[in-house]
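Notes follow the structure.
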Amino acid sequence: MAEAMPPTRSIGNLLTVTRGRGRLHWTDVFTYAYLLMGVFLMFGPVVWLVLSSFKTPAGLVEFPPTFLPLGQVEVTVEGYDKPLPLFKAQLEDGTTKDLAQIRRIGIVSQMVDPANPEDTYRVSINDREPIREFRLATENYRDPLERFNFLSYLQNSVIVTAAATIVTLLINSMAAYGLSIYEFRGRNAIMLFVIGTLMIPITIILVPVYLVVTHMGMINSLWAVILPGAATPTGVFLLRQYMLTIPRDLIEAARMDKASEWAIYWRVVLPLAMPAIAVLAIFSIMWRWNEFLWPLIVLNRSEVYTLQVGLNAFQGELDVQWHYILAMTVVTLIPVVLVFAFLQKFITTGIASSGMK
């Protein structure tokens, strides 16, 4: 008889499963509370960032802060060129009325009745409350993309990330191939030396690397961002440990068939190490996309700015345009989130699985 297929669980059944039979067990309450806390800690700041990116500059600095993006309601009053902000004001006789503010002098607001522009009032700022509505400040996204050349910054970041990832995968895979396939004296010592470079802070090598890049004439060039960090000890270690699991019989069989070392590397080892290469590609994309310090040092012209350096342009000595910074931060997060969402399965399979298909 054919083996019966196990029943599939829906998402609703999975979320409502309990340890107790038909009732909640104390472990169920603890488990769901722990998971909800983890979801809040992981996604709460992201949700707050996205909602804050649609707030106006005034909405970002108000206290107490609001969770949703709210905007001041404005009305057009006859006799005034610009729309005036609307408030719910409490008058001296104790009544409340919707009034538009003409101007504010100290703690006193001069206000007008939108229905009767001839009626003006003087109201203390403590006796009025702004009338707000849910409003998305889409200009936070539109202005940087149209006025501040952020599309060019996006293009530069894509070029740097793609080129640096390709160069990183090529160099690291070749180094890992030599340290894993070939057997020679001092191989483990070289690997320890490569791993030991992880303990060197980047601030120590900034000046020497900058002098080398300057001598090669790559300042204000995207190659100055792509090439210095191409060889990573983490990538060499990850690929080498994965390539060590590839059976030597495959290598020897390829050599008996008179395959060159390049053919063995390209046609035998790389296809088997593809899961680990995918993991390194994910890491490289995230590293290069979010890199800020080194591009800030070697890129001085706005034409070659990457996204992270472009965000720094909104921060001045006396004013910080937080609404633009938050909006463009969301834009910079989108590619990384998409790459991680579609390739996250390789993080576990690339480390846990073996080199054989």
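The values are calculated or read from the model by the stated rules, or taken from the named source; none is laboratory data. Since the model is a prediction, treat every value here as computed from it, not as a measurement. Glycine also receives a Cβ, built like all others from the backbone with ideal geometry; neighbour counts cover every protein chain displayed. The protein model used for the area step is the full one, side chains on, heavy atoms only, and it has no ligands, DNA or RNA in it. Shrake-Rupley method; radii C 1.70, N 1.55, O 1.52, S 1.80 Å.
Taking the C-alpha atoms only, the angle from helix 150-181 to the longest principal axis of the chain is near 20 degrees. Under the simplified labelling scheme, the GLU62-ASN312 pair shows an inter-label distance of 3.4 nm, with each label point 7 Å from Cα along Cα→Cβ. Checking (i) 57, 32, 16; (ii) 33, 21, 19; (iii) 38, 24, 17 against semi-axes √(5λ) of the Cα gyration tensor in Å calculated from these atoms, the matching label is (i). Accessible area of VAL236 (1.4 Å probe, protein heavy atoms only, ligands and nucleic acids ignored): about 10 Å². The helix-only estimate of mean residue ellipticity at 222 nm for the chain, built from DSSP H runs of length n ≥ 4 each weighted as -39500 (n - 2.57), is -16500 deg cm²/dmol after division by the residue total.
Could you work out how much longer the chain between GLU118 and GLU183 gets when fully extended? Use 0.36 nm per residue separation minus the Cα distance between them, nm to one decimal. Intermediate results must be reported in sequence, preceding the final value.
Numbers: separation 65, 0.36 × 65 = 23.40 nm, distance 9.39 nm.
Gain on extension, GLU118 to GLU183, equals 14.0 nm.
Can you pull out the GluC sites (Glu not before Pro) in the range 238-333 whose DSSP state is coil and whose Cβ has at most 12 other Cβ atoms within 10 Å? Kindly include the intermediate steps, with their values, before the conclusion.
Working: sites: GLU252, GLU261, GLU291, GLU303, GLU317; in loops: GLU291, GLU317.
For GluC sites (Glu not before Pro) across the range 238-333 that sit outside H, G, I, E and B with at most 12 neighbouring Cβ atoms in 10 Å, the list reads GLU317.
Given R₀ = 51 Å, what would the calculated FRET efficiency be for THR27 paired with ILE159, taking r from the Cβ atoms and rounding to 0.05? The value I calculate is 0.50. Between 0 and 90 degrees, the angle of helix 233-243 with respect to the longest Cα principal axis of the chain falls at about 50 degrees. Would you list, by chain and number, the aspartates and glutamates whose Cα falls below 18 Å from the Cα of LYS55, excluding same-chain residues fewer than 8 positions away? Filter leaves GLU74, GLU133, GLU139, ASP143, ASP319. Return the long-range amide H neighbours of VAL75 (sequence gap of 5 or more, or a different chain), with a cut-off of under 5 Å between placed amide H atoms. So VAL75 has HN proximity to LEU84, LEU86.
Peptides 113-123, 33-43, 166-176, 263-273 ordered by packing proxy, namely the average of other Cβ atoms within 10 Å per residue, highest first: 166-176, 263-273, 113-123, 33-43.
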